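Participant: Next up is a structure, given as structure tokens.
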Amino acid sequence: FQIDLKKMPLGKISKRQIAQAYKILGDALDMLKLLDTKQEFKTEDDSDAKGDIKMEDARSAAGIKAQLLDCSNRFYTLIPHDFGMKAPPLLDNEDLLKSKISMLESLSEIELAYNLLKSEDDGEETKKDDDPIDKHYRKLKTKIEVVDKKSEEFEMLRTYVKNTHAATHSSYTLDLEHVFKVDRQGEKKRYKPFKQLPNRQLLWHGSRLTNWAGILSQGLRIAPPEAPVTGYMFGKGVYFADMVSKSANYCCTNRTNNTALLMLGEVALGNMYERKAAEYVEKLPKGKHSCKGLGRTQPDPAENKILEDGTIVPLGKGVSSEINDSSLLYNEYIVYDVAQINAKYLLRVKFNYN
């Protein structure tokens, strides 16, 4: 992310600082949208009247660009970056804004993890000579157990990884190294009312390694109100996939750092609001419990595995969904209430880059 760790050590990040940075990015996004509408105004007419409008429009565009520069300066002052000898890039395009939003999401998780490490262990079992790893483990408030590699459970998840690697994600393969069962404190109880919903599926969620202490201790969370709306294809919710590589792409690995964690969560989808293109969902239509972005490829429904409690594991190989007019290659599932999520497994995977 090119953050200047000398000017802003990770331990010094505050929630307030991150919230202010989100607000600045939101302002920059508003300016960009305004600039787009100005630039759409084009005319071939060279009459004086039209010329006056064009001059006024140009002055307005220049004012917007000046405000974008101000947003950029304020953002880089609040979140210091190290660009070496290069000038900081102007926050003048949506892709850059999306990357900065992603950066703030990760900084939020790091802030949470740092405060977790700093906090006193409030467990009854605390002893002065406790192993530091045991102390940190207790702070996660999550029971984590190794799944036996010879078990049917492990084999089922290995199949899920193997079968749902998308054909277009061909720059790497995945090796499943370990599987852990996770039980977050209080999550089963919170999820219980949604256990009655139909269409509960075991789905993938990927995130960078630095985020998992926050995710395990606090659960998967929805972007805060101050986060700009850009970058959320179907609105602010928690996103899942049924193709492992779609989620794996969010782990942000590379050839050097090629180990990652993926979560499998039981998600109570209920009746889904199905979409073929991006639509910012602020509130689901009545009677809908989740949103599904319909992909052109999906795991073969004929190969779905149904668990004893009725949860569907879509572990079939990728086949055409026969929805050819969708803008999405693969399915996306979004819930807007975190109580509809029950984390089940954490998988440690190795990325083998071609």
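Computed from the coordinates by the stated procedures, all read-outs in this text should not be read as laboratory data. Model, not experiment: these values are computed from the prediction. Reconstructed Cβ throughout: ideal geometry from the backbone, glycine too, with neighbour counts over all protein chains shown.
Participant: Shape of the stretch 137-353 from its Cα gyration tensor (a ≥ b ≥ c, root eigenvalues): rounded if a/c is under 1.5, otherwise prolate when a/b > b/c, or oblate? Each step should come with its number before you reach the end.
Facilitator: Working: a/c = 1.27, a/b = 1.10, b/c = 1.15.
It is rounded, given that a/c, with a ≥ b ≥ c, falls under 1.5.
Participant: Per-residue ellipticity at 222 nm for the chain, helices alone: DSSP H runs ≥ 4 residues times -39500 (n - 2.57), over residue total, nearest 500 deg cm²/dmol? Could you put the intermediate results ahead of the total?
Facilitator: Working: 8 runs with 118 residues, N = 354.
Per the formula, -11000 deg cm²/dmol.
Participant: Further question on the same structure: Whole-Hz Karplus ³J(HN,Hα) for the stretch 306-319, in order, using 6.51 cos²θ - 1.76 cosθ + 1.60 and θ = phi - 60°, x for Gly and Pro?
Facilitator: 9, 6, 4, 8, x, 5, 8, 10, x, 9, x, 5, x, 9
Participant: Loop only by DSSP, 15 or fewer other Cβ within 10 Å of the Cβ. Give me the GluC sites (Glu not before Pro) in the stretch 253-306 that pass, ordered by residue number.
Facilitator: Listed in order of number, the matching sites are Glu279, Glu282.
Participant: Still on this structure, I have one more. What relative contact order, as a whole-number percentage, does the stretch 287-354 give when Cα pairs under 8 Å and 6 or more residues apart are counted? Don't jump to the answer; show the numbers that get you there.
Facilitator: Working: 89 pairs, mean separation 25.9, N = 68.
The normalised contact order for the stretch 287-354 reaches 38 percent.
Participant: Compute the distance from the alpha-carbon center of the stretch 309-347 to that of the stretch 81-119, in whole Å.
Facilitator: Taking the Cα centre of each part, the stretch 309-347 and the stretch 81-119 sit 29 Å apart.
Participant: Here's something else I'd like to know. Over the chain, with a Gaussian network built from C-alpha contacts below 10 Å, which listed residue (Cys71, Cys252, Cys291) shows the highest mean-square fluctuation?
Facilitator: Top of the fluctuation ranking is Cys252.
Participant: Please report the net charge: other residues with Cβ closer than 12 Å to the Cβ of Ser102, K and R +1, D and E -1. Walk me through the numbers on the way to the answer.
Facilitator: Working: positive: Lys98, Lys100, Arg208; negative: Asp95, Glu105, Glu109.
Around Ser102, the charge tally is 0.
Participant: Top mean-square fluctuation among Asn271, Asn257, Asn249, Gaussian network model of the chain, C-alpha springs under 10 Å?
Facilitator: The residue with the greatest mean-square fluctuation here is Asn257.
Participant: Give the residues of the stretch 206-250 whose amide nitrogen is closer than 16 Å to a point set 7 Å from the Cα of Glu303 in the direction of its Cβ.
Facilitator: Within reach of a label on Glu303, which here means backbone N under 16 Å from a point 7 Å along Cα→Cβ, the stretch 206-250 contributes 242-246.
Participant: Only Cα pairs under 8 Å and at least 6 apart count here; give the relative contact order of the stretch 175-271 as a rounded whole percent.
Facilitator: On the way: 100 pairs, mean separation 45.7, N = 97.
Relative contact order comes out at 47 percent.
Participant: What ³J(HN,Hα) values, in whole Hz, does the Karplus curve 6.51 cos²θ - 1.76 cosθ + 1.60 give for the stretch 99-109 when θ = phi - 60°, with x put for Gly and Pro?
Facilitator: 5, 6, 5, 4, 4, 5, 4, 5, 5, 4, 5
Participant: In the stretch 173-240, which chymotrypsin sites (Phe, Trp or Tyr not before Pro) fall in coil by DSSP and have 13 or fewer other Cβ atoms within 10 Å? Provide the component values of the computation, followed by the final result.
Facilitator: Working: sites: Phe180, Tyr191, Phe194, Trp204, Trp212, Tyr232, Phe234, Tyr239, Phe240; in loops: Tyr232, Phe234.
Those that pass, being in a loop and sparsely packed, number zero.
Participant: If one takes the longest principal axis of the Cα atoms in the chain, at what angle in degrees, from 0 to 90 and to the nearest 10, does the Cα axis of helix 152-163 lie?
Facilitator: Roughly 30 degrees between the two axes.
Participant: Running a GNM on the chain with Cα contacts under 10 Å, which residue among Val335, Val147, Val161 ends up with the highest mean-square fluctuation?
Facilitator: Looking only at Val335, Val147, Val161, the biggest GNM fluctuation is shown by Val147.
Participant: Determine which lysines satisfy two conditions relative to Lys181: a Cα distance under 18 Å, and not lying fewer than 8 residues away in the same chain.
Facilitator: Those lysines meeting the cut-off are Lys139, Lys141, Lys143, Lys149, Lys150, Lys189, Lys344.
Participant: For a quick check: with amide H placed at 1.01 Å from N, whose amide H comes under 5 Å from Gly219's, ignoring anything fewer than 5 positions away on the same chain?
Facilitator: Close amide H contacts, sequence-distant or interchain: none at all.
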